[in-house]
Amino acid sequence: MTGQQQRAKLQQQIWKIANDVRGSVDGWDFKQYVLGTLFYRFISENFAAYIEGGDDSINYAALDDEVITDDIKDDAVKTKGYFIYPSQLFAVVAASANTNESLNTDLAAIFAAIESSASGYPSEEDIKGLFADFDTTSNRLGNTVKDKNTRLAAVLKGVAGLDFGNFEDNHIDLFGDAYEFLIGNYAANAGKSGGEFFTPTHVSKLIAQIAMLGQDKVNKIYDPACGSGSLLLQAKKHFDAHIIEDGFFGQEINHTTYNLARMNMFLHNINYDKFNIQLGNTLLDPHFGDDKPFDAIVSNPPYSVKWIGADDPTLINDDRFAPAGVLAPKSKADFAFVLHALSYLSAKGRAAIVCFPGIFYRGGAEQKIRKYLVDNNYVESVISLAPNLFYGTTIAVNILVLSKHKTDMTIRFIDASGEDFFKKETNNNVMTDAHISQIMALFDSQDKAEHVAESVPFQTIAANDYNLSVSAYVEPKDTREVIDITELNAEIKITVAKIDQLRAEIDAIVDQIEGAAP
C-alpha cells in the first residue's frame, strides 16, 4: 500500500467514526468531540515520545504518576508547553473507557489539568482554553451520564483504533492530514458556516505560493483572519525547505475556530514558541502591532461583513486606514481587511488576499481606496479564480496581491476562471497541482497570454476610473460558434427550394381534390 493509499484509507476510517458515533447529533455540533479527541491522542503520544526520548526501555504510560518529580515536570513544560501525567494519557483513558462510569467527569478533569499545567509559564496563553469546546457534560452527548459516557467511549475507542504508524516516522504528518481532512469535511457539510473558517487546501496552496514567491526566507507569516489556520499551515508546507525565522501569527474572532487553529498548529508539530494565535476583532482590536512588519501575509477574510466604519470617527486616524483618506463602507468591510494587511506588510514582503469581486469595480469609498492602492503602486496582481471553489458559496472570487517592492508601474491581471484552471468534482470545483503551477507561471511572468493574462500600465488603469476587475483588461475568448456565411446561404437556398417544391405539391393535391368534388 502506497503512502497515498494509506492516507486515503485512514481518512475513510476517521470520517466513518465521526458519522457512526454521532448518532442523532448534528455533525456540525459534534465536530468538536472528534477533532478534540484526535488532538488529545496526538498531544498524549507526542508528549510520551518526548519523555521516552527514543529509549525503548521506557514506557511512559506504564509509570506511576508519583515517580514524576517537579523538576521533570518543570523541564517538560518549558520545552513542550504543557504536561501530561501517565494516568492522563489518551491510551490509558481509552483502554478503560467502556467500563469507566465517571468517564465524562474524568476527561473534564484531565483537560483542565493539562491546561493548568502551563500556568505561570511562557506557554500559558497558547495552552489556555484549548479544550474549552470539548464539553463532556453537554446534553448534545446524551441526556444521562450513561448516554454521555457511552458516546465519549465510542469516540475514544474509534480514534484509538486508527493506525498512524510509528510516531517518529510519518506519524505527525498523518495526524495533521487527518485533522485537516476532518475540518474540511465538516466545512463542506456545514455550508456557509463551515466555509467561513476553512479555506480549501488547493486554494490555500495557491495563496501560500503566491505570498512566498521569490523569498528565500521570511521573518514570519501572518493571517489577520486565520480561521482554523489552514492558510498558515500551507505556508509552512511550502516553506519546509527554507527558513521561517519567527514563526506563525494569526488572529481569529470566533472562539471555537480560534481553538481549532491553535490545535491545528500543535497537530502540525509547530511548537508553542513558534506560533502566536490571538482571539479578537482584527479591525477594531488588532494584535501584533509590536510584531509587524511581516514578510508574508495570507488571508481569506469574511466577504462583505458589516463593521462600525465611519460610525467611529476615531478610525479615520488609525495608522492602517488614515493613508487612504477614507474608510471602507459600513456594509462592506472588505477593504478594511486589505488596508490592515497592507499596514502590516514589510518592504520586501507580499500579501495574497481572497476578495469578493465587487470591491474591484464599485464606486464611492471603495473606488477611492483603489485609487490610493494603485497610485502608490501597491497592487501587484489581481487573479480571478473559477466559481464554486469554496464551501458555502459559488462565487468566483479574486486574489488581490499586494507588494511594497514593485519595480515597475504595471499590474498583472490573470483570468484563471476558465475550464483550463479547474476540474469539476461532485460538490465543488477543484484546482489540481497542475492548475496551480499554471497560475503561478502566469503570475511570475510579464508576458501577454491571449485571453488569460495581461500586464496593464498604471496610466490605463487610472484612465479607467481605477477599475481593477480582471474582465476590464483581459479579453475573454470568443467561444461562439463560427458560422460560414457562404455555406449558410447555400443551405438556405436549398431549404427554400425544398419548401417551394413542397408548396407546389400541396397546391396540386388541393386542386385535384377540388376538381373531384361534385
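The values are calculated or read from the model by the stated rules, or taken from the named source; none is laboratory data. Predicted model only: the values in this text are computed from it and were never measured. Here Cβ is always computed from backbone atoms with ideal geometry, including for glycine, and neighbour counts include all displayed protein chains. Only protein heavy atoms, including side chains, enter the accessible area calculation; ligands, DNA and RNA are left aside. Shrake-Rupley method; radii C 1.70, N 1.55, O 1.52, S 1.80 Å.
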*Taking the range 228-250, which residues are touching a strand residue (DSSP E or B) at 6+ places or on another chain (Cβ under 7 Å) and modelled with pLDDT of 90 or more?*
Gly229, Leu231, Leu232, Gly247, Phe248, Phe249, Gly250
_Exactly one of these conditions fails for Val93: (1) at pLDDT 95 or above; (2) more than 30 Å from Ala154 (Cβ to Cβ); (3) not aromatic (Phe, Trp, Tyr). Give me its number._
(2)
*What are the pairs, 6+ residues apart or on separate chains, where a residue within the range 86-98 that is touching a residue at least 40 places away in the same chain (Cβ under 8 Å) and closer than 14 Å to Asp65 by Cα has its Cβ under 6 Å from a residue that is assigned to a helix (DSSP H, G or I) and open to solvent by less than 10 Å² (accessible area, probe 1.4 Å)?*
Leu89/Ser44
*Are there any pairs, at least 6 apart or on different chains, whose C-beta atoms fall under 8 Å, with the first in the range 209-235 and assigned to a loop (DSSP other than H, G, I, E, B) and the second surrounded by fewer than 23 Cβ atoms within 10 Å (Cβ to Cβ) and of a type in the set (Gly, Ala, Ser), and if so, which?*
Asn219/Ser346; Lys220/Gly247
*Give the residues of the range 352-369 that are out of contact with any Lys or Arg (no Cβ under 9 Å at 6 or more places or on another chain) and open to solvent by less than 10 Å² (accessible area, probe 1.4 Å), sorted by residue number.*
Ala352, Ile353, Val354, Cys355, Ile369
*Can you name the residue in the range 472-504 that is open to solvent by 100 Å² or more (accessible area, probe 1.4 Å) and polar (S, T, N, Q) and is also modelled with the lowest pLDDT among such residues?*
Thr479
*asked:* Can you tell me which of (1) polar (S, T, N, Q); (2) farther than 21 Å from His405 by Cβ; (3) not in a loop (DSSP other than H, G, I, E, B) is the one Ser331 doesn't meet?
replied: (3)
*Restricting attention to the range 51-80, report how many residues are within 35 Å of the chain's Cα centre (by Cα) and among the β-branched types (Val, Ile, Thr).*
3
*Please verify whether the range 93-101 includes one or more residues that are of a type outside the set (A, V, I, L, M), open to solvent by 30 Å² or more (accessible area, probe 1.4 Å) and under 15 Å from Phe266 (Cβ atoms).*
no
*Within the range 412-434, identify whether any single residue is part of a helix (DSSP H, G or I), within 19 Å of Lys205 (Cβ to Cβ) and open to solvent by less than 30 Å² (accessible area, probe 1.4 Å), and answer yes or no.*
yes
*Please tell me if Leu38 is farther than 15 Å from Ala94 by Cβ and surrounded by 11 or more Cβ atoms within 10 Å (Cβ to Cβ).*
no
*Name the pairs whose Cβ atoms lie under 9 Å apart, with the first residue in the range 11-34 and more than 18 Å from Lys148 (Cα to Cα), the second modelled with pLDDT under 85 and of a type in the set (S, T, N, Q), and 6 or more positions between them or separate chains?*
Gln11/Asn185; Trp15/Asn185
*Looking at His405, is it within 22 Å of Lys371 (Cα to Cα), surrounded by fewer than 16 Cβ atoms within 10 Å (Cβ to Cβ), in contact with a strand residue (DSSP E or B) (Cβ under 8 Å, 6 or more places away or on another chain) and modelled with pLDDT of 90 or more?*
yes
*Which one is least open to solvent (accessible area, probe 1.4 Å) among residues in the range 435-453 that are out of contact with any helix residue (DSSP H, G or I) (no Cβ under 9 Å at 6 or more places or on another chain) and not in a helix (DSSP H, G or I)?*
Ser445
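Consider Lys148 carefully, then state whether it is over 30 Å from Ile436 (Cα atoms), modelled with pLDDT of 80 or more and surrounded by 20 or more Cβ atoms within 10 Å (Cβ to Cβ).
On the way: over 30 Å from Ile436 (Cα atoms): yes; modelled with pLDDT of 80 or more: yes; surrounded by 20 or more Cβ atoms within 10 Å (Cβ to Cβ): yes.
In short, yes.
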*List every residue pair whose Cβ atoms lie under 6 Å apart, where the two residues are 6 or more positions apart in sequence or sit on different chains, the first residue falls within the range 40-58 and is over 20 Å from Ala109 (Cβ atoms), and the second residue, located anywhere, is in a loop (DSSP other than H, G, I, E, B).*
Glu52/Ile58
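Only one of Asn377, Asn388, Asn398 is polar (S, T, N, Q), surrounded by fewer than 23 Cβ atoms within 10 Å (Cβ to Cβ) and either under 27 Å from Asp447 (Cβ atoms) or more than 24 Å from the chain's Cα centre (by Cα) (or both); which? First the steps, then the outcome.
Details: Asn388 fails: either under 27 Å from Asp447 (Cβ atoms) or more than 24 Å from the chain's Cα centre (by Cα) (or both); Asn398 fails: surrounded by fewer than 23 Cβ atoms within 10 Å (Cβ to Cβ).
Exactly one residue qualifies, and that residue is Asn377.
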*What are the residue pairs meeting all of these: first residue in the range 441-455, first residue under 19 Å from Gln215 (Cβ atoms), second residue part of a strand (DSSP E or B) and open to solvent by 100 Å² or more (accessible area, probe 1.4 Å), Cβ atoms under 6 Å, and 6 or more apart or on different chains?*
none
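I'd like to check which helices (runs of 4 or more DSSP H) are fully inside the range 8-113 and have at least 2 residues that are closer than 26 Å to Leu182 by Cβ.
Fully inside the range 8-113 and qualifying: 27-52, 90-95.
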*Residues of the range 365-411 satisfying the condition of being outside any loop (DSSP other than H, G, I, E, B), of a type in the set (Lys, Arg) and more than 18 Å from Ser471 (Cβ to Cβ)*: Lys368, Lys371
*asked:* Out of everything in the range 155-186 that is open to solvent by 40 Å² or more (accessible area, probe 1.4 Å) and modelled with pLDDT of 80 or more, what residue ends up being nearest to the chain's Cα centre (by Cα)?
replied: Phe181
*Tell me, yes or no, whether the range 251-268 has at least one residue that is at positive phi, touching a helix residue (DSSP H, G or I) at 6+ places or on another chain (Cβ under 6 Å) and at pLDDT 90 or above.*
no
*Taking Ala333 as meeting all but one of (1) open to solvent by 20 Å² or more (accessible area, probe 1.4 Å); (2) touching a helix residue (DSSP H, G or I) at 6+ places or on another chain (Cβ under 9 Å); (3) closer than 15 Å to Asn281 by Cα, write down the number of the exception.*
(1)
